[in-house]
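Novice: Let me give you the structure first, and then I'll get to my questions.
The values are calculated or read from the model by the stated rules, or taken from the named source; none is laboratory data. Because the structure is a prediction, the values reported are computed rather than measured. Cβ placement follows ideal geometry from the backbone for every residue including glycine, while neighbour counts extend to all protein chains displayed. Accessible surface areas use protein heavy atoms only, side chains included; no ligands, DNA or RNA. Shrake-Rupley method; radii C 1.70, N 1.55, O 1.52, S 1.80 Å.
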Amino acid sequence: MSLVLQLSGVTKSFGAVRAVDGVDFRMERGEICGCLGPNGAGKSTMIRMILAIIRPDEGSISVLGGDALDAKDWLGYLPEERGLYRKMKVGAFMAYMGRLKGISGAASRSRAAAFLDRMELPGIMDRKCSDLSKGQQQKVQFVSALLHEPEVLILDEPFSGLDPVNRRLFQAEVLALRERGTSILFSTHQMEQAERLCDRVILVNKGRKILDCKVSEALRQPGIRALEIEPVGSSAEAAAKIGSMAGILGTSTNDDGRIVRAELRGDADQRSVMRDIIAHVELRAIQEARVTLDDVFVHLVSDASAGARGTVAGRAGGNAAA
Amino acid sequence: MSATRRRHFARRVSAIAWREFAAMVFTKGFIFGVLIVPAVMVVTFAVIPTLLHEGPRAVSGQVLVSDGSGTVAPAAQGALESILARHSLNAQELADAARSGAMDAGELALSAAAGSQDTSENVSVSFEATGLTEGELKESLRNGHCLAYAVVPGGLLDAPPAKGETFTLAVATWTSPSHTSLFTRALRAGIVKARLDRAGKDHAALSALLSLPEELTVRISEDGAEAPESLAGRMLVPMGFMILMWMVVFTGANQLLTSTIEEKSSKVMEVLLSAASPFEILVGKVLGHGMVSLLMLAIYGSLGIAGLVLAAMADLVTPLSLVLLVCYGVTAYFMIAAMMAAVGSAVNDLKEAQSLVGPVMLVVMVPLVLWLPISENPNGMLAVVTSFIPPLTPFVMILRATGTTEAIPYWQIPATVVLSAISSVAFLWIASRIFRVGVLMQGKTPTPLELFRWALVR
């Protein structure tokens, strides 16, 4: 596998705020890498530096073995905030984006038509962008990022706002691109998507990388444990009650609101916590939960916020080396 | 910059420039605003004189004059015929009459409105002396027996005339203002003639003696060259050039501001930034809207020249003036557009832009304020100093360089063209620094000081 992206000691500050702080990161060809982190962690700044929109204050960025500015034609980008020219027709927009990326208007149109067919949007080339629904606009923008068959694709929250059917369509397309050798870096808050699609994840918090490893390794992080509880009554009340108990780091409820998930503190005794919950909450079932990327995210970010940065950074370094 | 980068730069800039140009020009709004409005103006200007050719409404009847002596009416009749004869003059005769002062502004307007039509055919009025009382005269007017009546106090015919005395002219409500004016002028001239006759003076001889002499003013430069004095050449043509340049520059730059704000607020900018650098986007947008401005300059400039040719004043525009218009116009556009693009990148909507556009507008308005003093004295201190202060340079220089009555030192033209070109590059460079940071910024509107800081960000 060859290296397509390498960040070495990259630092970027805006005034007194250090948005990215000495980040090292490598991505191989044909890899899907998830860039995770809370809001304001520095993910967008990192992506903008990879796209050569802004330059790092320190460190270096190599894209496809050269300067990021020279690699723009081989990069595809779907920003988090979608934007299209409202009065422009889809075909004209595709031709314009294609020309910017170095392919002719005619080639852009024919490729776009084929892509849009695959995305279940046939026959919209002559429609104005303003006439499309939000989901359709998102598909159009996704296709425009792929027109020039980029070697590296950067997707910022690609699945937000999509219904389950279209989400699966996007996911299938992302996996197909990986099969064709495209390297994909995607930034997301949807941990289950990252867990399902990514080969590797990096976790960024307050500008610093705190985790960089394969997904399977991330899920084996030491000290991350959780319980799943199915309460008899209101899950919201149960979650609040469980959240205030000793040994609990935080709680959340699943999508249908039936199951409460409680993450344990690193030093908590699992058996005694379970006994406490059984004693204080009327429940149908309680069991040890499978650790998800969500748990890893919450755990590491909370740890970092609590001042355990030294320990976590050590872990990140170890994983990166691995 | 490597050859590959240069190639990529040219491709991206041309793609962006063409999109901006096409998005502006191939729209109904542009076609209506830039092509149809001037066409409507041309048609209007062609039609209005035709409509004015109709001249004053036809009038026929008597104006009764009561002055106690019966001398005013025949004198007023003579004056009326003289005025009507002047209204029949052709364009050349009118110009001569204006230059010699033989006709006042009101007469000129009436004559111009009447055109070549013989007004005397429309106006068949006789001034008749009458001994009726004022009450009887009023009754006669109300019954339609006369067009108007005048009561002239005897004191107005004395030499010297009695102070504070006025004559009364009564007209029917339907009388047109131009006819009222005609009667008034005929009566005034008639009273003066009657007064002179009563004093035993020769009216014709005195009129000849009092006629204003014709003049020919010539401006002689320091090197001895002569140029005839011309209001159009000295003030109107330079103003026309400056207004034309100002209009197309400001329109193009304003469109650039709007387009930048729209791209930023609709988040298209983020997509563009993934495909092109901020500098490439800025240059592409500036060039695209610059082409729109050039097209407008060509359209309006051609219309202006066509108008001058029709008015037989084409000699007021020299080929050098047109070359300078393009040179100064292009550099002025780059400077103002750079400022507008920088502002557009820094704000999220047009409302926010107003606070930052204010200072730019102030700069853009300065040449309009300076037009009069600079046209009055194109080689004065104010004109020379402001010629070397970008971004005023191109606006002031086009005022100074296109005047036909006073030459400016030749070295100032190439010097200011070079200064404008260098300033354009500098403005674009500073704007690109602000643009690069601004397009990614969200939140509160930056202050001018913050914009300055952005220009210094690495």
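Novice: One residue is enough: does segment A:127-137 have a residue meeting the conditions more than 12 Å from chain B (Cβ to nearest Cβ) and touching a residue at least 60 places away in the same chain (Cβ under 8 Å)? Full working, then the answer.
Specialist: Step one: of segment A:127-137, the residues more than 12 Å from chain B (Cβ to nearest Cβ) are A:127-128, A:131-136.
With the extra rule that they be touching a residue at least 60 places away in the same chain (Cβ under 8 Å), the set shrinks to none.
No: zero hits.
Novice: On to the next question. Out of the residues in segment A:195-217 meeting the condition of being closer than 26 Å to A:R18 by Cα and hydrophobic (A, V, I, L, M, F, W, C), tell me which one is surrounded by the most Cβ atoms within 10 Å (Cβ to Cβ).
Specialist: Checked segment A:195-217; the qualifying residue surrounded by the most Cβ atoms within 10 Å (Cβ to Cβ) is A:I202.
Novice: Also, quick follow-up: Could you check segment B:153-174 and list, in sequence order, the residues that are part of a loop (DSSP other than H, G, I, E, B), surrounded by 14 or more Cβ atoms within 10 Å (Cβ to Cβ) and out of contact with any Gly (no Cβ under 8 Å at 6 or more places or on another chain)?
Specialist: B:P153, B:F167, listed by residue number.
Novice: Which residues, taken from segment A:32-49, are buried (at least 20 other Cβ atoms within 10 Å of the Cβ), more than 10 Å from chain B (Cβ to nearest Cβ) and not in a strand (DSSP E or B)?
Specialist: If the condition is that a residue be buried (at least 20 other Cβ atoms within 10 Å of the Cβ), more than 10 Å from chain B (Cβ to nearest Cβ) and not in a strand (DSSP E or B), then A:G37, A:A41, A:G42, A:K43, A:M46, A:M49 are the ones that fit.
Novice: Among what's in segment A:108-126 and is assigned to a helix (DSSP H, G or I) and open to solvent by less than 10 Å² (accessible area, probe 1.4 Å), pick the residue that is farthest from the other protein chains (Cβ to nearest Cβ).
Specialist: Residue satisfying both the conditions and the ranking: A:L116.
Novice: Only one of these is away from chain A (no Cβ under 14 Å), hydroxyl-bearing (S, T, Y), touching a Ser or Thr at 6+ places or on another chain (Cβ under 9 Å) and not in a loop (DSSP other than H, G, I, E, B): B:S345, B:S302, B:S293. Name it. Can you show your working first?
Specialist: Values: B:S345 fails: away from chain A (no Cβ under 14 Å); B:S302 fails: touching a Ser or Thr at 6+ places or on another chain (Cβ under 9 Å).
It is B:S293.
Novice: Would you be able to tell me the number of residues in segment A:108-137 that are among the hydroxyl-bearing types (S, T, Y) and touching a helix residue (DSSP H, G or I) at 6+ places or on another chain (Cβ under 6 Å)?
Specialist: Number of matching residues: 1.
Novice: crowded, with 18+ Cβ neighbours inside 10 Å, at pLDDT 90 or above and within 12 Å of chain B (Cβ to nearest Cβ): does that describe A:V140?
Specialist: yes
Novice: Which of the residues that make up segment B:438-449 are in contact (Cβ under 8 Å) with a residue 40 or more places away in the chain and assigned to a helix (DSSP H, G or I)?
Specialist: Passing the criteria: B:G438, B:P448.
Novice: Within segment B:240-256, can you find the residues that are among the hydrophobic types (A, V, I, L, M, F, W, C) and open to solvent by less than 10 Å² (accessible area, probe 1.4 Å)?
Specialist: Within segment B:240-256, B:M242, B:M245, B:V248, B:V249, B:A253, B:L256 meet the criteria.
Novice: Considering only residues that are touching a strand residue (DSSP E or B) at 6+ places or on another chain (Cβ under 8 Å), at the interface with chain B (Cβ under 10 Å from one of its Cβ atoms) and among the aliphatic types (A, V, I, L, M), which ones fall in segment A:69-107?
Specialist: Residues satisfying the conditions are A:L75, A:L78, A:M88.
So that you can scan it fast, the table gives a plain yes or no per residue for (1) at pLDDT below 85; (2) open to solvent by less than 70 Å² (accessible area, probe 1.4 Å); (3) of a type in the set (V, I, T); (4) assigned by TED's automatic domain parsing to the domain that holds B:G290:
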site: B:V396; (1), (2), (3), (4): no, yes, yes, yes
site: B:A407; (1), (2), (3), (4): yes, no, no, yes
site: B:S432; (1), (2), (3), (4): no, yes, no, yes
site: B:V439; (1), (2), (3), (4): no, yes, yes, yes
site: B:P448; (1), (2), (3), (4): yes, no, no, yes
site: B:L451; (1), (2), (3), (4): yes, yes, no, yes
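Novice: Check B:E280 against each of (1) crowded, with 23+ Cβ neighbours inside 10 Å; (2) more than 14 Å from chain A (Cβ to nearest Cβ); (3) in contact (Cβ under 8 Å) with a residue 60 or more places away in the chain and name the one condition it does not meet.
Specialist: Evaluating B:E280 over (1) crowded, with 23+ Cβ neighbours inside 10 Å; (2) more than 14 Å from chain A (Cβ to nearest Cβ); (3) in contact (Cβ under 8 Å) with a residue 60 or more places away in the chain leaves (2) as the failure.
Novice: Identify, from the list B:S321, B:S274, B:S259, the residue that is farther than 28 Å from B:R11 by Cβ, open to solvent by less than 50 Å² (accessible area, probe 1.4 Å) and in a helix (DSSP H, G or I). Please lay out each step first, then the result.
Specialist: Working: B:S274 fails: farther than 28 Å from B:R11 by Cβ; B:S259 fails: farther than 28 Å from B:R11 by Cβ.
Unique residue meeting the criteria: B:S321.
Novice: If you scan segment A:222-258, which residues turn out to be closer than 23 Å to A:M191 by Cβ, of a type in the set (A, V, I, L, M) and either in contact with a helix residue (DSSP H, G or I) (Cβ under 7 Å, 6 or more places away or on another chain) or touching a residue at least 40 places away in the same chain (Cβ under 8 Å) (or both)?
Specialist: A:I224, A:A226, A:L227, A:I229, A:A238, A:I242, A:I248, A:L249
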